[in-house]
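Structure record follows, encoded as structure tokens.
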């Protein structure tokens with residue numbers, strides 16, 4: 001597990017896609033990255049949900065989801081998927097409905 005975590009962090013740094021927050025310790029950063037990627041994968045694999053319009057950010061096991069969906073059912077589904085992901089303590093749902 002430790003080798004996988006180091007590999008994931010290395011990939012993030014090399015790609016330049018992620019910055020470390022001064023509000024998290026490195027182990028929490030890695031845990032947050034794993035949570036974020038798990039949620040994104042679950043959203044992508046959900047039929048009837050345009051997950052490419054949803055952003056996911058994790059800080060200290062609290063997840064912010066934002067973006068756009070077509071109806072309340074999709075917003076609720078994204079909330080449920082996020083909340084039922086291992087390691088998530090709280091979900092802040094800023095998804096907007098754009099019919």
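Sort through 24, 31 and tell me the only one that's at pLDDT below 95, surrounded by 15 or more Cβ atoms within 10 Å (Cβ to Cβ) and in contact with a strand residue (DSSP E or B) (Cβ under 7 Å, 6 or more places away or on another chain).
Result: 24 is the single residue among 24, 31 that is at pLDDT below 95, surrounded by 15 or more Cβ atoms within 10 Å (Cβ to Cβ) and in contact with a strand residue (DSSP E or B) (Cβ under 7 Å, 6 or more places away or on another chain).
Filter the range 40-94 for residues that are touching a helix residue (DSSP H, G or I) at 6+ places or on another chain (Cβ under 9 Å), within 24 Å of residue 26 (Cβ to Cβ) and part of a helix (DSSP H, G or I) and give the result.
Residues satisfying the conditions are 40, 82.
The values are calculated or read from the model by the stated rules, or taken from the named source; none is laboratory data. Worth saying up front: this structure is predicted, and the values here are computed from it rather than measured. Don't worry about glycine lacking a Cβ; one is built from the backbone with ideal geometry, like all the others, and counts go over all protein chains shown.
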